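Peer 1: Structure below; questions to follow.
The values are calculated or read from the model by the stated rules, or taken from the named source; none is laboratory data. The structure presented is a predicted model; accordingly, all values stated were derived computationally and were not measured. Glycine gets a Cβ as well: all are built from the backbone with ideal geometry, and neighbour counts include every protein chain shown.
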């Protein structure tokens, strides 16, 4: 079955974008990956309205990408912090890949505004597509696609 003969109704890329593909969701995830946890900090740093932020946080929690953890400042009501789940952290390589592409093609002339470095040696972190058989990094020409276990014929 070729790509054009394959239905996209159960495409996992499409399903992923349905969960996290909206701009504000990705920016909330970017901030969560950089330690932001509280509603007011997300709102101030990402720069979106309370209603939009509340909606995105609600969707990310419902999808199991973020979880809420109660906290209470002295003299205030109980509120919730938002923390990445394992499912959320599994998006980190995708976020780094987007950053890597952006650093190459959209950064200011001086360079990117943020570096991601290896804690042990201080060298930049990179994302690469690698062969699970131990053959190292691949180029697009060295890989191919084929129908997977849940592939259905296009209608």
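Okay, residues lined up against (1) assigned to a helix (DSSP H, G or I); (2) at negative phi:
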residue	(1), (2)
71	no, yes
76	no, yes
80	no, yes
83	no, yes
87	yes, yes
95	yes, yes
99	yes, yes
114	no, yes
122	no, no
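Peer 1: Go through the range 95-113 and give me each residue that's within 25 Å of residue 20 (Cβ to Cβ) and without any contact (Cβ under 8 Å) to a residue 24 or more places away in the chain.
Peer 2: Passing the criteria: 99, 101, 102, 103, 104, 105, 106, 107, 112, 113.
Peer 1: Looking at this structure, is residue 112 closer than 19 Å to residue 27 by Cβ and in contact with a helix residue (DSSP H, G or I) (Cβ under 7 Å, 6 or more places away or on another chain)?
Peer 2: Spelling it out, residue 112 is indeed closer than 19 Å to residue 27 by Cβ and in contact with a helix residue (DSSP H, G or I) (Cβ under 7 Å, 6 or more places away or on another chain).
Peer 1: Continuing with the same structure: Taking residue 135 as the residue in question, decide whether it is more than 25 Å from residue 10 (Cα to Cα) and either surrounded by 10 or more Cβ atoms within 10 Å (Cβ to Cβ) or in contact with a helix residue (DSSP H, G or I) (Cβ under 9 Å, 6 or more places away or on another chain) (or both). Write out each step before concluding.
Peer 2: Values: more than 25 Å from residue 10 (Cα to Cα): yes; either surrounded by 10 or more Cβ atoms within 10 Å (Cβ to Cβ) or in contact with a helix residue (DSSP H, G or I) (Cβ under 9 Å, 6 or more places away or on another chain) (or both): yes.
Against the criterion (more than 25 Å from residue 10 (Cα to Cα) and either surrounded by 10 or more Cβ atoms within 10 Å (Cβ to Cβ) or in contact with a helix residue (DSSP H, G or I) (Cβ under 9 Å, 6 or more places away or on another chain) (or both)), residue 135 qualifies.
Peer 1: Closer than 29 Å to residue 148 by Cα, touching a strand residue (DSSP E or B) at 6+ places or on another chain (Cβ under 7 Å) and without any contact (Cβ under 8 Å) to a residue 60 or more places away in the chain: does that describe residue 84?
Peer 2: Spelling it out, it is not the case that residue 84 is closer than 29 Å to residue 148 by Cα, touching a strand residue (DSSP E or B) at 6+ places or on another chain (Cβ under 7 Å) and without any contact (Cβ under 8 Å) to a residue 60 or more places away in the chain.
Peer 1: Please work out which one of (1) free of Cβ contacts under 8 Å to residues at least 24 places away in the same chain; (2) part of a helix (DSSP H, G or I); (3) touching a helix residue (DSSP H, G or I) at 6+ places or on another chain (Cβ under 9 Å) is the condition residue 13 fails and give its number.
Peer 2: For residue 13, the exception is condition (3).
Peer 1: For the range 24-50, which positions are more than 13 Å from the chain's Cα centre (by Cα), free of Cβ contacts under 8 Å to residues at least 40 places away in the same chain and part of a helix (DSSP H, G or I)?
Peer 2: 40, 41, 43, 44, 45, 46, 47, 50
Peer 1: Can you pull out every residue in the range 124-155 that is under 19 Å from residue 95 (Cα atoms), in contact with a strand residue (DSSP E or B) (Cβ under 7 Å, 6 or more places away or on another chain) and assigned to a loop (DSSP other than H, G, I, E, B)?
Peer 2: 125, 128, 129
Peer 1: Give me a count of the residues in the range 63-79 that are free of Cβ contacts under 8 Å to residues at least 12 places away in the same chain and out of contact with any strand residue (DSSP E or B) (no Cβ under 8 Å at 6 or more places or on another chain).
Peer 2: So the answer is 4.
Peer 1: Further question on the same structure: Yes or no: residue 37 closer than 30 Å to residue 147 by Cβ and at pLDDT 95 or above?
Peer 2: no
Peer 1: Hey, among 53, 60, 19, which residue is in a helix (DSSP H, G or I), modelled with pLDDT of 95 or more and within 14 Å of the chain's Cα centre (by Cα)?
Peer 2: 60 is the lone residue from the list that is in a helix (DSSP H, G or I), modelled with pLDDT of 95 or more and within 14 Å of the chain's Cα centre (by Cα).
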